[in-house]
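First the structure, in the form of structure tokens, and then the observations on it.
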Amino acid sequence: MKRIFVALIMMLTLLGVNGCGGGDDRVSTSVTIDSSTANGDIVFNSDTGVFTITENDLSLFAGEDPTALREFRAFLDFPLQRVRNTNIQSAILDIVINSVTVVPPGTSIPILMELVPYPPVVGGLDDVHFDRVASSPVAIRTSISSADVNLSVRINVTPLVLEAQRLGTDFQIRISQDGGPAPGLIEIDNDLDFPLLEVTFF
């Protein structure tokens, strides 16, 4: 009987240890990071060979204009100081689409997001950033359509934010059209409320 009692106590002890060690009791924290005033876009007119840079405007454009020989690439900058030394679990880019121009209208526009560093100040964007090689092979691909107009579009950009954290830079992305069956242009809201970056971390 004594042996059975001792064995039972040992079993309960082992179960208690396993129960304590089997989970993660850390509490995650979420923060919302505003984009900086260094947001902008660059448009290349293939007819004239001229680049035009617009910074800190109320709208940013990305994609290929189906009405003219112009390609836009948008640039977003989010400082990561608040999460630089944390264990990032997830990151969501929250953007509002003001308009979509594509023919035919129901076509989805494939979108590419890459890490492209540039000076995070007004005046930091330069023509070279239009085609600059991304600082990491990690990229995010998604699509935007007319169904997204006037809506908040939430995009999981965790791999890109983790790469920016590893590189010790701001989260700076270039947004462009990623091929597709037809040219299409998206207009991204760039006011006081958007774009946003929501980061969850330990």
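Computed from the coordinates by the stated procedures, all read-outs in this text should not be read as laboratory data. Quantities reported herein were computed from a predicted structural model and do not represent experimental measurements. We place every Cβ from the backbone using ideal geometry, glycine too, and count neighbours over all the protein chains shown.
Please list log₁₀ I(q)/I(0) at q = 0.09, 0.19 Å⁻¹ for the chain, using the Debye equation with identical point scatterers on the alpha-carbon positions. Evaluating at q = 0.09, 0.19 Å⁻¹ gives log10 I(q)/I(0) of -0.41, -1.35. Summarising the amide proton neighbourhood of Ile109: residues at separation of 5 or more, or on other chains, whose placed amide H is nearer than 5 Å comprise Ile144, Ser145. Only Cα pairs under 8 Å and 6+ residues apart enter the sum, and on that basis the relative contact order of segment 33-201 stands at 38 percent. Length available on full extension from Val133 to Asp57: 0.36 nm per residue minus the Cα-Cα distance, which gives 24.9 nm. Near Pro66: Cβ cut-off under 15 Å, other residues only, Lys/Arg at +1 and Asp/Glu at -1. The net charge is -4.
Check each of the trypsin sites (Lys or Arg not before Pro) in segment 65-141 and keep only those in coil by DSSP with at most 15 other C-beta atoms within 10 angstrom; list them in order.
Sparse-neighbourhood loop trypsin sites (Lys or Arg not before Pro): Arg84, Arg132.
For Val103, what charge total do you get from the other residues with a beta carbon under 13 Å from its beta carbon, if Lys and Arg give +1 and Asp and Glu give -1?
So the environment of Val103 carries a net charge of -2.
Sorting 97-106, 147-156 by their mean Cβ neighbour count within 10 Å, with the most densely packed peptide first, gives 97-106, 147-156.
Report, in debye and to the nearest 20, how large the dipole of the chain comes out about its Cα centre when Lys and Arg carry +1 and Asp and Glu carry -1 on their Cβ.
Working: 12 positive and 25 negative charges, 311 e Å.
Around 1500 debye, computed over the chain.
Quick check: convex hull over the Cα atoms of segment 79-150, volume per residue in Å³, rounded to an integer? Working shown, then result.
Working: hull volume 11.6 nm³, N = 72.
That works out to 160 Å³ per residue.
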